[in-house]
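Read through the structure below, which is laid out as structure tokens, and then see the notes.
The values are calculated or read from the model by the stated rules, or taken from the named source; none is laboratory data. Bear in mind the structure is a predicted one, so any value in this text is a computation, not a measurement. Cβ: placed from backbone, ideal geometry, glycine included. Neighbour counts: every protein chain shown.
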């Protein structure tokens, strides 16, 4: 049966079907935009250096060696940090990846917006020349013996065809306090002076990051202190991010943040700040924190594990403002 709307004629004739106007749908209330859940920021958003779940596996003969096991690291722009760890902890592998000299087996690594896992050969060469400057422990890797100090500094700029390379090189020599050594070859420079020239070489193309691999490993304590003072000056005056990789825990006292690597993962961070003591003098306060990754994993300090004989399993108890950790007595008794 065809229904007609009262008082209306058919649009197609008196006997044809009518178009009936339906009542408007009720207004459906929607949640206000301001109550929408904000998008979760991507890990490392805003950081200059982002290492996200890095894995690096080397194959030696028929064996596979896992150097990095899901390492996470964030470094902000303008920071000066130290990365410490025992031999074999993975710190040199991490340096190679950040420096564009090696590739991770898995994970993500970005530096100053450059995705190190996606770059081709030409992009990688540009990255090593313009984005990072590397300071090696061995002088022979930093300076060419047959070039003078100023020529060594000019060399990276020659590759980039900079017209003002001599002026820039002399400015850097003045910055590192060696303006009067411009015409000297490395053999006529002391170990500390060679490292100063090497810092100037690393700064030649105005990189965003300086990577220093055991920069004071071949220097005495006095010269080491001078080298670190220069790195702090570069960090403060040029706002260049400085990452120092070392196995010497004393080196870490030269920076405000120290990241410790153990078994291919970041295990702890030590933060330092300066406060006024009761006598009015400055004092350095150092606090060590265990690193909690996004999967909820953390590495307890080895000294804590040994002191409480923790092994296999541990008991956890959630308190109001902390989590307690206890050894499993069954494991302890079985080990006795």
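Identify, from the list 101, 116, 135, the residue that is within 22 Å of residue 68 (Cα to Cα), crowded, with 17+ Cβ neighbours inside 10 Å and in contact with a strand residue (DSSP E or B) (Cβ under 9 Å, 6 or more places away or on another chain).
Only one candidate passes the filter, namely 116.
Could you tell me how many of the residues in segment 135-149 are over 13 Å from residue 184 (Cβ atoms) and not in a loop (DSSP other than H, G, I, E, B)?
Residues meeting the conditions: 5.
Got at least one residue in segment 85-94 being more than 22 Å from residue 257 (Cβ to Cβ) and either crowded, with 17+ Cβ neighbours inside 10 Å or outside the structural domain of residue 213 (by TED's automatic domain parsing) (or both)?
Taking every residue of segment 85-94 in turn, none turns out to be more than 22 Å from residue 257 (Cβ to Cβ) and either crowded, with 17+ Cβ neighbours inside 10 Å or outside the structural domain of residue 213 (by TED's automatic domain parsing) (or both).
Return the only residue of 132, 50 being under 15 Å from the mean Cα position of the chain (by Cα), outside the structural domain of residue 234 (by TED's automatic domain parsing) and modelled with pLDDT of 95 or more.
50
Of the numbered conditions (1) surrounded by fewer than 16 Cβ atoms within 10 Å (Cβ to Cβ); (2) under 17 Å from the mean Cα position of the chain (by Cα); (3) within 30 Å of residue 55 (Cβ to Cβ), residue 248 fails exactly one; give the number of that condition.
Condition not satisfied by residue 248: (2).
Out of segment 160-190, which residues are surrounded by 14 or more Cβ atoms within 10 Å (Cβ to Cβ) and assigned to a helix (DSSP H, G or I)?
165, 166, 168, 169, 170, 171, 172, 173, 175, 179, 181, 186
For segment 155-200, enumerate the residues that are free of Cβ contacts under 8 Å to residues at least 40 places away in the same chain and touching a helix residue (DSSP H, G or I) at 6+ places or on another chain (Cβ under 6 Å).
Within segment 155-200, 165, 169, 172, 173, 178, 179, 181, 182, 184, 192 qualify.
Looking only at segment 310-330, count how many residues are more than 17 Å from residue 290 (Cβ to Cβ), outside any strand (DSSP E or B) and either in contact with a strand residue (DSSP E or B) (Cβ under 6 Å, 6 or more places away or on another chain) or in contact (Cβ under 8 Å) with a residue 40 or more places away in the chain (or both).
The total comes to 1.
So residue 295 fits all but one of (1) within 16 Å of residue 81 (Cα to Cα); (2) assigned to a loop (DSSP other than H, G, I, E, B); what number is the exception?
Here residue 295 clears every test but (1).
So, in segment 241-267, exactly how many residues are within 20 Å of residue 98 (Cα to Cα) and free of Cβ contacts under 8 Å to residues at least 40 places away in the same chain?
1
Tell me, which residue of segment 280-294 that is in contact (Cβ under 8 Å) with a residue 24 or more places away in the chain and farther than 16 Å from residue 270 by Cβ is farthest from the chain's Cα centre (by Cα)?
The qualifying residue farthest from the chain's Cα centre (by Cα) is 294.
Residue-by-condition table, conditions (1) touching a strand residue (DSSP E or B) at 6+ places or on another chain (Cβ under 6 Å); (2) farther than 24 Å from residue 163 by Cα:
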residue	(1), (2)
191	no, yes
206	no, no
226	no, yes
245	yes, yes
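Sort out for me the strands (runs of 3 or more DSSP E) sitting completely within segment 61-126 that have 2 or more residues that are modelled with pLDDT under 95 and over 23 Å from residue 296 (Cβ atoms).
63-75, 80-84
Determine which single condition residue 270 fails, assuming it passes every other condition in (1) surrounded by 10 or more Cβ atoms within 10 Å (Cβ to Cβ); (2) free of Cβ contacts under 8 Å to residues at least 60 places away in the same chain; (3) out of contact with any strand residue (DSSP E or B) (no Cβ under 6 Å at 6 or more places or on another chain).
With respect to (1) surrounded by 10 or more Cβ atoms within 10 Å (Cβ to Cβ); (2) free of Cβ contacts under 8 Å to residues at least 60 places away in the same chain; (3) out of contact with any strand residue (DSSP E or B) (no Cβ under 6 Å at 6 or more places or on another chain), residue 270 is out only on (3).
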